[in-house]
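So the structure is just underneath, and the comments pick up after that.
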Amino acid sequence: MGKDKVQIFDTTLRDGEQVPGCKLDTKQKLVIAERLDELGVDVIEAGFPISSPGDFKSVNEIAKLVKNATVCGLTRAVKKDIEVAAEAIKVAQKPRIHTGIGTSDSHIKYKFNSTREKIIERAVEAVAYAKTFVEDVEFYAEDAGRTDNEFLAQVCEAVIKAGATVLNIPDTTGYCLPEEYGAKMKYLTENVKDIDKAILSCHCHNDLGLATANSISGVINGARQIECTINGIGERAGNTSLEEVVMILRQHPYLNLDTGINSKLLYDTSQMVSQKMGMPVQPNKAIVGSNAFAHSSGIHQDGVIKQRETYEIIDPHDVGVNESSIVLTARSGRAALAYRAKNVGYELTKLQLDEVYKNFLKFADRQKEIMDDDIHKIIETSNVGIESIA
Ligand code: KIV
Ligand code: ZN
């Protein structure tokens, strides 16, 4: 049986760019959009066109440039927003309007001072109006994570009737547990009339560190689109990380779900976004952090040198990383030292290695990490009769 496709909706340029201090200009956004298209994302959310003339211009330029992906513009459930977004994306090969409104009781009461009935009316009006401009209309039920499932199902049913092609179920505040978010998707799959006419989409925030887990739980329970960002950047603690969901689905083939992402471009894309946004990637970030394929303890190093799979579940080449690294610290063992020494040109006998290792530990206790230059010095001062070849 073929795998079910999970669409990747990238919102690096919209939700991702909401990070304070990470604003990009149009030129930078175009470079990133082109790369996202090459990466194979299905949808690029290019921005929120009514928010500023600059954002309108960026969305419009991206719509002209992108060849394969759908280009999407965000709106509120407000006519003017929808008109402006429609204008910005109308040149796209595949345009989409993403409109919506808050559906949780707290949003209805405090943001809109409204009622559930009126919210459904506004949602339906917005979708129907967006439909007059484009065929592909995605509806978001903001704060769906804290919206009562029965009411959420009513909203979904009403907007499908109005023509929504995708139903975005955002856990806007990052509150849900994976089981709860998955159960929400399952409930909607089983209780919304004509649900097969639309795709359910996961949009999760990382306030409790659960965005990736929630998105995976969502697709296990019937969703077929994940909204995510490169490096997981986004409001507050960020959004679901694109590289994480892509590799989770790939490394767990029995889920029978796949994305069309060219994973070999993941590392390079992560670096590109980090540099353009001036936002460093944390070293221990899954998949793309500088330590994701680095081994420093002696036990792990010995295992990886013998057989990579002992301590690695992903082949680094699959995500565009050249090789795993063996980092030399005071916790490293002889196998790692011999391996790194060989890499810089020394073939040590067992006796030589024992001597050099004693000297290595003295150096390693004084500094955080032993680099290639240090290896030459350590060997030269080890009294094993080998001249440095540095
Ligand atoms: O988190 C959220 O609810 C959003 C919507 C605007 C889609 O980003
Ligand atoms: Zn969001």
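Every number here is computed from the coordinates shown, using simple stated rules; none is lab data. Computed from a predicted structure; not experimentally measured. Methodologically, a virtual Cβ is constructed for each residue, glycine included, from the backbone with ideal geometry; neighbour enumeration extends over all protein chains shown.
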Which FRET efficiency value, to the nearest 0.05, do you get for residue 187 and residue 331 by plugging their Cβ-Cβ distance into 1/(1 + (r/R0)^6) with R0 = 51 Å? 0.60
Kirkwood hydrodynamic radius over Cα pairs of the stretch 81-216, then Stokes diffusion coefficient at 10 °C and 1.306 mPa s, in µm²/s: 106 µm²/s
Inter-site label distance for residue 342 and residue 271 at 7 Å from Cα along Cβ, in nm: 2.6 nm
For the stretch 80-127, list log₁₀ I(q)/I(0) at each q in 0.14, 0.30 Å⁻¹, using the Debye formula over Cα point scatterers of equal strength and ignoring solvent, two decimals each. -0.44, -1.05
Which FRET efficiency, nearest 0.05, do residue 251 and residue 5 yield, Cβ-Cβ r, R0 22 Å? 0.80
Taking Cα atoms of the stretch 145-226, Rg/Rh with Kirkwood Rh, to two decimals? 0.95
Convex hull over the alpha-carbon atoms of the stretch 219-260: what's its volume per residue in Å³? 77 Å³
So, in nm, how far is label residue 179 from label residue 117 when the simple model puts each one 7 Å beyond its Cα toward the Cβ? 3.7 nm
So how much slack lies between residue 25 and residue 351, counting 0.36 nm per residue of separation and subtracting their Cα-Cα distance, in nm? 111.4 nm
Quarter of the Cα convex hull surface for the chain, i.e. its orientation-mean projected area (nm²): 21.8 nm²
Would you work out if the stretch 292-367 is rounded, prolate or oblate? Take a ≥ b ≥ c from the square roots of the eigenvalues of the alpha-carbon gyration tensor; rounded if a/c is under 1.5, else prolate when a/b is larger than b/c, oblate otherwise. prolate
Per Stokes-Einstein, at 25 °C and 0.890 mPa s, what whole-number D in µm² s⁻¹ belongs to the stretch 181-265, with the Kirkwood radius over Cα pairs as the hydrodynamic radius? 185 µm²/s
Residue pairs, from the table 184/276; 5/111; 109/184; 79/161; 90/111; 64/184, whose Cα atoms sit over 28 Å apart: 184/276; 5/111; 90/111; 64/184
Arrange the following residues from fewest to most other Cβ atoms within 10 Å of their Cβ: 131, 350. 350, 131
Most exposed first, judged by fewest Cβ atoms within 10 angstrom, 267, 339 run 339, 267
For a distance above 25 Å, tell me the whole-number percent of Cα pairs in the stretch 1-107 that qualify. 20 percent
Which of 295, 376, 252 has the fewest other C-beta atoms within 10 Å, and how do the rest follow up to the most? 252, 376, 295
